[in-house]
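Colleague: For reference, the structure I am asking about is given below.
The values are calculated or read from the model by the stated rules, or taken from the named source; none is laboratory data. Given the structure is predicted, the values throughout are model-derived calculations rather than measurements. As a convention, Cβ positions derive from the backbone with ideal geometry for all residues, glycine included, and neighbour counts pool all protein chains shown.
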Amino acid sequence: MKEKEYKAINGWLEMEDVEYEEVFNFNKEYAKFLDDYRTEREFVKGAIELLEAEGYKKLDEFTALKKGDKFYKVNREKAILAGIVGEKPLEEGLRIVGSHIDSPRIDLKPTPLYEDSELAYFSTHYYGGIKKYQWVAIPLALHGVVVKEDGTKVEINIGDKEGDPVFYISDLLPHLGKDQMAKKMSEGITGEQLRLIIGSIPARNEDGDKDGDKKGAGNKVKSAILDYLHEEYGITEEDLISCELQIVPALKSRDVGFDRGLLAAYGHDDRVCSYTALRALLDVENPAYTAMVLLMDKEEIGSMGNTGMQSHFFENTVAELVNLTYENYSDLLVRKAIENSKCLSGDVNAAFDPNFPEVYDKNNTPYLGKGVVITKYTGARGKGGSSEASAEFVAEIRRLFNNAGVVWQTGELGKVDQGGGGTIAQFLANYNMDVLDCGPAVLSMHAPYEVVSKVDVYNTYLAYQVFLEK
Ligand code: MN
Ligand code: MN
């Protein structure tokens, strides 16, 4: 007999010693992945390595698909989907875990390089919902690509390796901070002030005329940086117009607390769902339905564009799957396969923070350590923008998790009318499939350094695995 009263349990209390070890080992591998692959492009690379090691092949390489085949497909180096063909016919639908691999960060402006007061800067435009004041006075790294006019791609990855320099955005000293400290926090640091210090040594005159150097102010620091970029990477200032260089915190993942139960890192949102989904897929054997993991870009800015969830990448790929599966391709089969699918939308929820109890409803918020969170609806101001899962689908997922011993909890994002948020769930729900948001809770979401509970990370992995398999 089940208890009449519902109460979420602490995942740490539910485990045997063996599982304890598994939780810590799993999180060690997750932490390393976070440190090795810090942007969506890098995540895609890391994902391909994991997938190929387990026998996954590019979808292009197949001439037909049969049960057990493992495939993956990359979209513009920034989004990836992978799947394993299941027992049942494709038209009966897929089991999908969808998440996103972009994280809040700072991007460069189109012509970023300039000099001010003999310091060289990159001007920037932030990406996603950040609290700007959190990104100053911390070590920053630069990751991404510069594509030259002839199409050659130069990769830049500097700030995270031992011995690398870092980059820096300055803040005002408290001694002169009187006016700044009286401002609203949202105005203490402005978007334009998020300019990155990238150099300080002026170029010398080639004829060695030091007096000339001293007199000529000009743009000598900028010019020295241009020389460096050209020598080191073979790029010019115009090449920066076609770059995707991202500024991310130069901070490695670290255990938190004497007991090491929490994990701090940059970009848990949403590499935590993406990584656990990927690992779950890799451990799925003989799924009933075709299992698919969908790792998209651009969620943090509304899932827009050709690499976001609003693009046709997913449905075009299902059309390819149908084409490789059935003797006679038909649009109806594609639509059936999509409409009959079920999906967990992997995204983080906000963990209750005793520092700010006023924004949470204590009975309807997730807690660190109480397992993976199912979030029936997201949205803001009266559920606006939410795709809300049906009661039937939530019951189905409860049953699945309870039977498999997954530690789970539920909750919504903060108090009513306190704010809100969305995920990729709505765009998948638009296909008329069942979708439920499901992922761990995170502390300090969207900060440069976020915190999750290791037992929640592990239960997220278990939840996705049991969902993809059944
Ligand atoms: Mn997210
Ligand atoms: Mn987010």
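Colleague: Among (1) within 24 Å of the chain's Cα centre (by Cα); (2) more than 23 Å from Phe467 (Cβ to Cβ), where does Phe71 come up short?
Modeller: With (1) within 24 Å of the chain's Cα centre (by Cα); (2) more than 23 Å from Phe467 (Cβ to Cβ) applied to Phe71, the lone miss is (2).
Colleague: Answer with yes or no whether Pro287 is within 29 Å of Lys32 (Cα to Cα) and assigned by TED's automatic domain parsing to the domain that holds Tyr30. Working first, answer last.
Modeller: Working: within 29 Å of Lys32 (Cα to Cα): yes; assigned by TED's automatic domain parsing to the domain that holds Tyr30: yes.
Answer is yes for this residue.
Colleague: Let me ask something else about it. Hey, among the residues in segment 96-111 that are of a type in the set (A, V, I, L, M) and more than 16 Å from ligand 2 (Cβ to nearest atom), which one's surrounded by the fewest Cβ atoms within 10 Å (Cβ to Cβ)? Even if it seems obvious, please write down each step before you answer.
Modeller: Taking segment 96-111 first, the residues of a type in the set (A, V, I, L, M) are 96-97, 101, 106, 108.
From what's left, more than 16 Å from ligand 2 (Cβ to nearest atom): 96-97, 108.
Values: Ile96: 28, Val97: 28, Leu108: 21.
So the residue we want is Leu108.
Colleague: Just checking: which of the strands (runs of 3 or more DSSP E) contained wholly in segment 359-470 hold 2 or more residues that are within 16 Å of ligand 2 (Cβ to nearest atom)?
Modeller: Working: elements: 372-375, 408-410, 434-439, 441-443, 450-453.
So the answer is 372-375, 434-439, 441-443, 450-453.
Colleague: Now for a separate question. Any chance segment 80-91 includes a residue that's within 16 Å of ligand 1 (Cβ to nearest atom), at pLDDT 95 or above and more than 21 Å from Tyr461 (Cβ to Cβ)? Outline the logic, then answer.
Modeller: Of all residues in segment 80-91, those within 16 Å of ligand 1 (Cβ to nearest atom) come to none.
Checked segment 80-91: no residue is within 16 Å of ligand 1 (Cβ to nearest atom), at pLDDT 95 or above and more than 21 Å from Tyr461 (Cβ to Cβ).
Colleague: Considering only segment 421-462, how many residues are crowded, with 22+ Cβ neighbours inside 10 Å, away from ligand 1 (no atom under 15 Å from the Cβ) and hydroxyl-bearing (Ser, Thr, Tyr)?
Modeller: The total comes to 3.
Colleague: I've got another one for you. Pick from Val85, Val74: which is more than 27 Å from Val248 (Cα to Cα) and among the hydrophobic types (A, V, I, L, M, F, W, C)?
Modeller: Numbers: Val74 fails: more than 27 Å from Val248 (Cα to Cα).
None of the others qualify; the one that does is Val85.
Colleague: From the residues in segment 331-361 that are β-branched (Val, Ile, Thr) and farther than 25 Å from Asp269 by Cβ, which one is nearest to the chain's Cα centre (by Cα)? Before you say what the answer is, go through the steps one by one.
Modeller: Narrowing segment 331-361 to residues β-branched (Val, Ile, Thr): 334, 338, 348, 359.
Filter again for farther than 25 Å from Asp269 by Cβ, leaving 334, 338.
Details: Val334: 29, Ile338: 24 Å.
Checking each candidate, the answer is Ile338.
Colleague: If I ask for residues that are touching a residue at least 24 places away in the same chain (Cβ under 8 Å) and part of a helix (DSSP H, G or I), which ones from segment 120-176 would you list?
Modeller: Listed by number, the residues that qualify are Lys132, Tyr133, Gln134, Trp135.
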